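Working notes, structure below.
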Amino acid sequence: MAVPAELGTVEWFGGGPGEAYPDTRAAARIGRFARTVEQMQTPYVFPQENGARVDVRWATLTDGAGRGIRVEGDPAFILTARRWTSEDLDAAQHAHQLRPRDRVYVNLDAAHHGIGSASCGPGVLPQHQLRPGPFRFGLVFGAA
């Protein structure tokens, strides 16, 4: 979803403070964290999926006055917030090609495939592979 660019502060209760994925979640601890949208990014040399926070129970995106939106997951969800779209990220070959847009793009996901280390080691282990199947997922939105 896209929200107004002014909603540039993200607070969440879940995995953090840095990014984590199904096979890297041991690097995250559960707690209450806050970052700007810019601080949510991991600046990889080659732009790629980054900045996910796992096991998020609730999150807010707010402006400087504390106004914004709140989302709660049932069950927990994976959160990313960026100033560019996923399509922009996929198309970029270099970080300077990522141009901030006039919105914050928020992904609220039920699950992710693990990242593995196929560039320098094995691919994703079987327990971290995302496979099709039924899944029940709910989100509740409100004012922050």
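Computed from the coordinates by the stated procedures, all read-outs in this text should not be read as laboratory data. These figures come from a predicted structure and were not determined experimentally. Here the Cβ is made from the backbone with ideal geometry for all residues, glycine too, and neighbour counts use every protein chain on show.
By counting other Cβ atoms within 10 Å of each Cβ, how are T62, T42, T80 ranked from fewest to most?
T42, T62, T80
How would you rank V10, V124, going from fewest to most other Cβ atoms within 10 Å of each one's own Cβ?
V124, V10
Given a cut-off of under 8 Å on Cα pairs at least six residues apart, what relative contact order in percent is computed for segment 2-114?
With pairs under 8 Å counted, the relative contact order is 32 percent.
Computed FRET efficiency, Cβ-Cβ of D90 and E6, R0 25 Å: what is it to the nearest 0.05?
Taking R0 as 25 Å, the efficiency between D90 and E6 is 0.45.
Any idea what Rg and Dmax come out to for segment 1-143 if you just take the C-alpha atoms, in Å?
That works out to 15.1, 46 Å for Rg and Dmax.
Please identify the longest segment of the chain free of exposed chymotrypsin sites (Phe, Trp or Tyr not before Pro), where exposed means a DSSP state other than H, G, I, E or B and no more than 11 other Cβ atoms within 10 Å.
45-134
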